[in-house]
Every structure is written in structure tokens, then in C-alpha cells.
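The values are calculated or read from the model by the stated rules, or taken from the named source; none is laboratory data. Not measured: the values here are computed from a predicted model. Heads up, the Cβs are rebuilt from the backbone with ideal geometry, glycines too, and the neighbour counts pull from every protein chain shown.
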Amino acid sequence: MNRLTLRRPDDWHVHLRDGAALAAVVKFTAQRFGRAIVMPNLKPPITTAALARAYRERIVAALPKGARFEPLLTLYLTDSTTPDEIDRARAAGFVHGIKLYPAGATTHSDAGVTDIAKVHGVLARMEELGMPLLVHGETPGPDVDVFDREAHFIDAVLGPLTERFRGLRVVFEHITTAGAVDFITRARAGVAATITPQHLLHNRNAIFAGGIRPHYYCLPVLKRERDREALLRAATSGSPRFFLGTDSAPHERADKENACGCAGMFTAHAAIELYAEAFDSVGHLDRLEAFASHFGADFYGLPRHDDTITLVKEPWTPPQVYEFGDGALVPYRAGESIAWRLAGTEGA
Ligand code: NCD
Ligand code: ZN
């Protein structure tokens with residue numbers, strides 16, 4: 001198959017940033033996806049419905065003219081989030097999830113939750129309202145091995161939480177291990193996961209290929225080959241519990257190429273193309289549409305799109321850098337070939 005037309009997909013996990021950075025990256029997401037769940041880890045974080053409303057307006061203002069793209073906002077859960085704020089988020093209509101960052105787990109997570117028991121009241125309200133909890137599933141801190149953080153979090157927090165709040169809708173974001181695939185497969189109804197393109201295409205050797213490669217550093221960090229294989233099997237399995245979430249996370253070049261470089265890979269410029277590569281690698285392009293365009297919308301209770309996009313198998317090469325406000329943004333696969341290309345979008 002050299003040409004593939006899909007119902008327009010959605011990105012169920014993306015970082016669009018703010019200001020000049022937002023203006024530089026949002027076009028890539030809007031070109032490919034009809035909607036995206038936008039992460040709230042700004043500085044300061046988007047912790048209230050009022051802040052989400054203002055951020056939404058900035059995103060819409062930064063869209064290219066004529067773009068048909070709907071940002072779906074999220075709130076950043078903190079120890080002091082109140083159940084009333086969840087009510088306001090629900091009433092606002094444009095907030096589609098509440099994001100749990102364990103404090104210290106990743107970029108801009110210092111305001112995150114220090115102890116899950118502190119937000120039990122909020123989780124109960126979310127359960128009542130059907131508001132999804134989006135989880136960065138890693139245990140931070142010096143005592144847990146970097147490569148075991150996801151496994152530790154499943155046992156210590158996520159497993160117990162999905163049992164305590166049996167009606168809570170939960171998305172385990174950007175899963176990276178065979179253990180997480182297993183957990184999702186066995187979980188009760190209402191628990192799902194997103195998978196990034198980089199975790200389908202690479203194992204952790206990519207970070208150390210001939211020297212340290214900061215542009216392959218993201219969180220949760222890439223894992224073993226057997227984990228990558230399990231993720232690829234899950235994504236291409238046809239199970240509605242696994243759907244697309246790029247976790248495209250742009251950082252200025254100097255913040256990546258640094259003695260203490262930031263976590264995050266920018267993939268939005270080629271997001272759906274990269275998933276096509278991954279699905280093609282195991283002969284399952286026929287399963288891409290459901291993963292990219294059906295299962296996430298169904299989980300979030302939103303309609304599937306009526307319009308389509310078309311991909312062709314024709315190699316192209318992303319530039320070394322994209323403009324990024326005052327700085328530069330090194331995209332994933334900079335100067336290297338990508339097998340699939342976005343040929344066009346067809347309106348409904
Ligand atoms: C994300 C970022 O830069 O905001 N980084 C990343 O490595 N994925 C945060 C996150 O999703 O963990
Ligand atoms: Zn993320």
C-alpha cells in the first residue's frame with residue numbers, strides 16, 4: 001500500500017507551549033489533526049478553568065488562517081485543586097481532562113501532586129462527572145531506577161487508584177513498557193492508554209548511539225526492544241484501549257543540547273507520518289485509522305471527524321531546524337528521511 005486515506009485523526013496528548021513557541025508549532029498539529037488534547041504544563045501551569053479559557057483563546061489566535069482545528073484543554077492537578085474547580089471545568093465545556101503529574105516527574109511538574117491521597121476528593125468529583133484523569137505514570141525521586149519508574153507507579157499508585165475509583169475514566173499517557181501494555185489490557189472498563197511515535201520506533205539504544213543524543217531524550221524515557229515490540233503489538237492490535245498521543249514536546253535547541261538537557265521530543269511536524277511508518281513496519285497500515293481517528297474520540301465521547309487526510313509513501317527530509325520564537329527547534333529526524341508524507345486533507 002503506497003497511499004492511505006484516513007478519517008482525520010486527533011492527537012490525544014500534545015504540548016503546544018505559549019507565546020512565540022506556540023505560534024511556531026501549532027500549525028504542524030493543526031495541519032494533521034482535527035483536535036488535540038493540549039497539556040497544561042506551562043509556567044505557571046493551567047490550574048483553573050479561567051486560565052484554560054485564556055490559553056484556549058491564545059491557541060486559537062495562533063492558528064493559521066482557515067485552520068479547522070479544535071484545541072481540547074486540560075487542567076493541571078495540584079495538591080490544592082478543589083472539587084469546585086472541576087465543576088467549573090466541566091461547565092466551561094472545553095476542558096476534557098485533568099492532568100496528574102506526580103511532583104518532580106517531568107518538565108514543569110514541580111507544582112504537581114505530592115501525594116495522591118491529597119486529591120481523593122477531586123478524583124471522586126471527576127468520577128461523578130465523567131471527567132477523565134490523564135496520568136503521567138511515573139514515580140519520581142532518587143530511590144526508583146529511571147527505567148523502573150512506570151512499573152513502580154502502576155503498582156504503587158495507578159492500580160490501587162483504578163480500583164478505589166471504579167467509575168473514574170483514566171488515560172495512562174505515553175506508556176513505554178510491556179508491563180504497562182499488560183496493565184491496560186487487564187484493567188477494568190474505562191481505562192485506556194496513549195502511545196507516542198518515538199516509543200513505537202525506538203528503543204533506548206537510540207539515546208546512546210555513538211554518543212549521547214539529547215534529541216532522543218524524553219520522559220518517560222525510551223525502554224528496551226521487548227517493550228517497543230509490546231507497544232507496537234498493542235497499537236496495531238485493534239484494541240480500542242490504545243490510541244494516538246504524540247507527546248510532541250518542543251524545547252529550544254540550547255535547552256536540549258545542554259549539560260542538563262530538557263526532556264521532550266518534537267514530532268508534530270511529521271506525527272501521523274511517523275505512526276504510518278511504525279504500522280507499516282509490521283504490515284498493519286489497515287489498523288492505523290482506528291488507532292489514530294476512532295478509539296480516542298470514542299473514549300472521550302466526541303464525534304469522529306467526517307473529513308479525511310491522505311498519506312503517500314514518498315520519502316522526505318525534515319530540515320535541521322525549524323524557527324522557534326527567538327531560537328531554533330530541532331525536529332525529530334532532522335536531516336534524515338521519513339518514509340510517509342502528508343499529501344493532503346479533504347474537507348467535509
Ligand atoms: C514533556 C514536556 O517537555 O513538557 N516532556 C517529555 O519528555 N515528554 C513533559 C511530559 O509529557 O512528560
Ligand atoms: Zn507530555
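Can you name every residue in region 167-184 that is more than 13 Å from ligand 1 (Cβ to nearest atom) and among the β-branched types (V, I, T)?
Scanning region 167-184 gives V170, T177, V181, I184.
Among the residues of region 88-118, count how many are assigned to a helix (DSSP H, G or I), of a type in the set (A, V, I, L, M) and in contact with a Leu (Cβ under 6 Å, 6 or more places away or on another chain).
Total satisfying the criteria: 1.
Considering only region 16-42, how many residues are surrounded by 24 or more Cβ atoms within 10 Å (Cβ to Cβ) and touching a Gly at 6+ places or on another chain (Cβ under 8 Å)?
Here the count works out to 1.
Of all residues in region 50-87, which are crowded, with 21+ Cβ neighbours inside 10 Å, assigned to a strand (DSSP E or B) and without any contact (Cβ under 8 Å) to a residue 60 or more places away in the chain?
Listed by number, the residues that qualify are P71, L73, L75, Y76.
So which residues in region 29-42 are away from ligand 2 (no atom under 16 Å from the Cβ), assigned to a helix (DSSP H, G or I) and either touching a strand residue (DSSP E or B) at 6+ places or on another chain (Cβ under 7 Å) or in contact (Cβ under 8 Å) with a residue 60 or more places away in the chain (or both), if there are any at all?
Residues satisfying the conditions are Q31, R32.
Return the residue satisfying two criteria in turn: it lies in region 103-121 and is buried (at least 17 other Cβ atoms within 10 Å of the Cβ) and of a type outside the set (A, V, I, L, M, F, W, C), and of such residues it is farthest from ligand 1 (Cβ to nearest atom).
G112
Say whether the condition of being among the hydroxyl-bearing types (S, T, Y), under 28 Å from V26 (Cα atoms) and crowded, with 19+ Cβ neighbours inside 10 Å is met by at least one residue in region 155-164.
No, region 155-164 has no match at all.
Could you list, in sequence order, all residues of region 262-273 that are more than 16 Å from ligand 2 (Cβ to nearest atom) and not β-branched (V, I, T)?
H269, A270, E273
I46 fails exactly one of the following numbered conditions: (1) part of a loop (DSSP other than H, G, I, E, B); (2) surrounded by 23 or more Cβ atoms within 10 Å (Cβ to Cβ); (3) within 13 Å of ligand 2 (Cβ to nearest atom). What is the number of that condition?
Result: I46 passes all but (3).
Would a scan of region 186-197 turn up a residue that is in contact with a Gly (Cβ under 9 Å, 6 or more places away or on another chain), modelled with pLDDT of 95 or more and farther than 27 Å from F266 by Cβ?
yes
Taking into account only those residues within region 6-18 that are outside any strand (DSSP E or B) and either under 15 Å from the mean Cα position of the chain (by Cα) or more than 15 Å from ligand 1 (Cβ to nearest atom) (or both), which is farthest from W340 (Cα to Cα)?
Once the filter is applied, the top-ranked residue is R17.
Just to be sure I understand the filter: pairs with C-beta atoms under 6 Å, separated by 6 or more residues or on different chains, first member in region 144-164 and over 22 Å from P132 (Cα atoms), second member surrounded by fewer than 14 Cβ atoms within 10 Å (Cβ to Cβ). Which pairs pass?
none
Before we move on, is S248 away from ligand 2 (no atom under 16 Å from the Cβ) and among the hydroxyl-bearing types (S, T, Y)?
Taking the combined requirement at face value, the residue does not satisfy it.
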